[in-house]
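The values are calculated or read from the model by the stated rules, or taken from the named source; none is laboratory data. Owing to the predicted nature of the structure, the values given are computational and were not obtained by experimental measurement. Because the Cβ atoms are built from the backbone with ideal geometry, glycine has one as well, and the counts that use them run over all protein chains shown.
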Protein chains: 2
Amino acid sequence: MTNFTYFNPVKVVFGKGMIAELKGLIPADVKVMLTYGGGSIKKNGVYDQVRAALAGRALTEFGGIEPNPRYETCMSAAAQARAEGAGFLLAVGGGSVLDATKFIAVASVYAAGDPWGIMEGRQPVTAALPLGSVLTLPATGSEMNTFAVISRASTGEKLAFASPLVYPKFSILDPETTFSLPARQVENGIVDTFVHVMEQYMCAIGSAPLTERQAEAVLLTLIEEAPKVKLHPDDYDVRANLMWCATTGLNGSLGCGVAAQDWATHMIGHELTALYGIDHARTLAVIMPAVHRHEIRRKQARLAQCAGRVWGITQGDAAARAAQGVDKMEAFFRSVGVPTRLSEYKVDAAEAGRQVAARLAKRGVKIGEYGDLGGQEVQEIVLLAK
Amino acid sequence: MTNFTYFNPVKVVFGKGMIAELKGLIPADVKVMLTYGGGSIKKNGVYDQVRAALAGRALTEFGGIEPNPRYETCMSAAAQARAEGAGFLLAVGGGSVLDATKFIAVASVYAAGDPWGIMEGRQPVTAALPLGSVLTLPATGSEMNTFAVISRASTGEKLAFASPLVYPKFSILDPETTFSLPARQVENGIVDTFVHVMEQYMCAIGSAPLTERQAEAVLLTLIEEAPKVKLHPDDYDVRANLMWCATTGLNGSLGCGVAAQDWATHMIGHELTALYGIDHARTLAVIMPAVHRHEIRRKQARLAQCAGRVWGITQGDAAARAAQGVDKMEAFFRSVGVPTRLSEYKVDAAEAGRQVAARLAKRGVKIGEYGDLGGQEVQEIVLLAK
């Protein structure tokens, strides 16, 4: 097991009716800025619940945060937070609203020039407004981690930053808020969660037996619950299980003692979203099977372990089991309702591969668990997803 | 899934050489009081590592904390902490030192009379000195939770308290510190961890699929690693895996969404330790199989699930699988080297049952996941462990 530090001070407040707890979770003497997206929270009653819980409090609002939230939008929100004297940000929404709010928290108190330098890794995060969240879309895990991904319209970039200063002070997870989600977002959330877990788990370097089993626990639960949510979309327990899987999948616990992680799928996926506008999770479903097939020899032992413990594959040698496990994963994504091939999006894989490789090369990025996948390999991977 | 709040701000610093990180983890301007036990840390080099990491810092020390730490000892330590002006407590040891240090942290700033009232649940915890730990014995999980169990020599009581104010600010877990542990303490630690997990998992009420699988992940890892530590006591990875299992086993994560827990084994076990001086973990190995056999009908579904997923039992009906699973658990404890019957300690089970029942009745305590096991049932359980 590799040395590690684990620290996650987010208070998770989970369950039906828990939005009412908001009042006691935010300091009484600060002005709160609500941040949210396209307005679905006004249709499904979440906005009203939040307003009711904060009745009598000094409030301001910033709505209209888009999926793949933009730097430009965040900068407007940060200006509003400063102008209004907001002392606490409350994100109400899914991962995009959460991620945007983390960047707003930093940008609104940033004094060292353009905060985009943080996204480019040139400048550190040294301060942030405190923030909390009411999660309405289980997927990204942003509600219990330090990460945020922000896109910049003017350059077509999509970059990530992380800082313990943007841990939410609390996240309220009420599964009932997810009943009204469009099927597409539920499907995307399941795939996003699955891929997050895999990217921490599916490496050949080192071993961390307990953490690996905890990763498998999330995968098995997703596989069990995914078909149920299609058949019984109003089943509270199914929604609750999916929500807790998504949070657990990327709260740092699955990285404990793990020697290497492999975020190649996310790295390539971000570029495909930036280039073609494909939903984030849908790029992952396309790329992860291709990454595993490309790396099948180097990842064989762990892929075979996964095949046995997660997919129940016990026949054949390790190579055969590894390959069958990848096939099973791709079939699972399709069963969830998510395509797994670029051709299904009318995207030419060869051309996409060249473009993604060029964009990563421009930033000097090599990817994969060994950090050795460069332009040639990226093109091979994208072509495997044709 | 049941509503829950999860909050655990302990920073875990895990791995070889990590004691050197101490310096950066404790505020520079406070006097530190080291607390420790019988002096094993002076033999195995841990004391020297801690002193080296804190070179130049204002320090005081309180050694001699005993297993099943005593109120009387803690009160002396609290008086010393006050007299010396300690601003931070650093526990260096196992669960007993940790638990004692939590009580010292409260008692040393306690202004409302005798702090034993906290143990009796009559008085709340309102303040505590900050504390951290260097763990040397994986077992109790105290390094990452809010619990402490303290015994009072004058009354023969052994009671628990919990408060978020006694969460360690950090816990350093270096598996190398466990190489020098006596075999008996390693065995006890494995059983203690196993039982902690079971007490959160082995209930019939409700279901929390992800949390249940995470509990099974710990159990499976313990079962895998336990034989290795006997064969290869110097294997770092085995020690690391056992250490991380112990911490994960009782850090609150395995309670997320769980509708009921069943701490009957600990409740009865504490009384057996108080009455007969049997090691804490060894009382658990005796009592847990008896609790499960007594409750086998009510716990049947979960016991059968455990039999299948943890013990690999797939033959027979649910009742048969449940019973076989309990047999397997008892055999596992014995394989670790821990007896599972009161007769092996020359204790008369009928008499022990009467005494335990009387002591619990005196405090008005009913136990079990339904809170309905009273004197009669407690006697039946203890008799099953004869």
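Answer yes or no: is there a residue in segment A:108-122 that is of a type in the set (F, W, Y), in a helix (DSSP H, G or I) and in contact (Cβ under 8 Å) with a residue 40 or more places away in the chain. Taking every residue of segment A:108-122 in turn, at least one turns out to be of a type in the set (F, W, Y), in a helix (DSSP H, G or I) and in contact (Cβ under 8 Å) with a residue 40 or more places away in the chain.
Could you grab me the full set of residues in segment A:154-189 that are farther than 20 Å from A:V92 by Cα and in the same structural domain as A:R359 (by TED's automatic domain parsing)? Passing the criteria: only A:E187. Could you tell me whether segment B:259-280 includes any residue that is in a helix (DSSP H, G or I), within 14 Å of another protein chain (Cβ to nearest Cβ) and modelled with pLDDT of 95 or more? Taking every residue of segment B:259-280 in turn, none turns out to be in a helix (DSSP H, G or I), within 14 Å of another protein chain (Cβ to nearest Cβ) and modelled with pLDDT of 95 or more. Contact map, segment B:287-308: residues that are on the phi > 0 side of the Ramachandran plot paired with residues that are buried (at least 23 other Cβ atoms within 10 Å of the Cβ), Cβ distance under 6 Å, separation 6+ or inter-chain. No pairs are found.
For the residues A:V149, A:V238, the requirement of being surrounded by 19 or more Cβ atoms within 10 Å (Cβ to Cβ), within 14 Å of another protein chain (Cβ to nearest Cβ) and touching a His at 6+ places or on another chain (Cβ under 9 Å) singles out A:V238. Within segment A:265-305, being small (G, A, S), under 21 Å from A:G95 (Cα atoms) and surrounded by 24 or more Cβ atoms within 10 Å (Cβ to Cβ) holds for A:G269, A:A281, A:A285. With respect to A:T60, determine if the residue is more than 26 Å from A:I278 (Cα to Cα), assigned by TED's automatic domain parsing to the domain that holds A:G95 and β-branched (V, I, T). Against the criterion (more than 26 Å from A:I278 (Cα to Cα), assigned by TED's automatic domain parsing to the domain that holds A:G95 and β-branched (V, I, T)), A:T60 qualifies. Scan segment A:198-211 for residues that are within 19 Å of A:T265 (Cα to Cα) and either within 11 Å of chain B (Cβ to nearest Cβ) or among the charged types (D, E, K, R) (or both) and the total you get is 1.
Taken as a whole, the condition of being buried (at least 24 other Cβ atoms within 10 Å of the Cβ), in contact (Cβ under 8 Å) with a residue 12 or more places away in the chain and more than 9 Å from every other protein chain (Cβ to nearest Cβ) does not apply to A:F179. Could you go through segment B:372-382 and let me know if any residue there is closer than 22 Å to B:K328 by Cα, more than 23 Å from the chain's Cα centre (by Cα), of a type outside the set (F, W, Y) and not in a loop (DSSP other than H, G, I, E, B). Checked against the condition, which is being closer than 22 Å to B:K328 by Cα, more than 23 Å from the chain's Cα centre (by Cα), of a type outside the set (F, W, Y) and not in a loop (DSSP other than H, G, I, E, B), segment B:372-382 yields at least one hit.
Yes or no: A:V356 among the β-branched types (V, I, T), in a loop (DSSP other than H, G, I, E, B) and either assigned by TED's automatic domain parsing to the domain that holds A:S96 or more than 21 Å from A:E212 (Cα to Cα) (or both)? For A:V356, the condition - among the β-branched types (V, I, T), in a loop (DSSP other than H, G, I, E, B) and either assigned by TED's automatic domain parsing to the domain that holds A:S96 or more than 21 Å from A:E212 (Cα to Cα) (or both) - is not met. Before we move on, is B:A91 free of Cβ contacts under 8 Å to residues at least 40 places away in the same chain and not in a loop (DSSP other than H, G, I, E, B)? Taking the combined requirement at face value, the residue does not satisfy it. Meeting the requirement of 3 or more residues that are away from every other protein chain (no Cβ under 14 Å), touching a residue at least 40 places away in the same chain (Cβ under 8 Å) and more than 30 Å from A:E225 (Cβ to Cβ), the helices (runs of 4 or more DSSP H) wholly within segment B:1-73 are B:40-43, B:46-53.
For segment B:343-378, taking the residues that are without any contact (Cβ under 8 Å) to a residue 60 or more places away in the chain and buried (at least 19 other Cβ atoms within 10 Å of the Cβ), the one that is farthest from B:W263 (Cα to Cα) is identified as B:A349.
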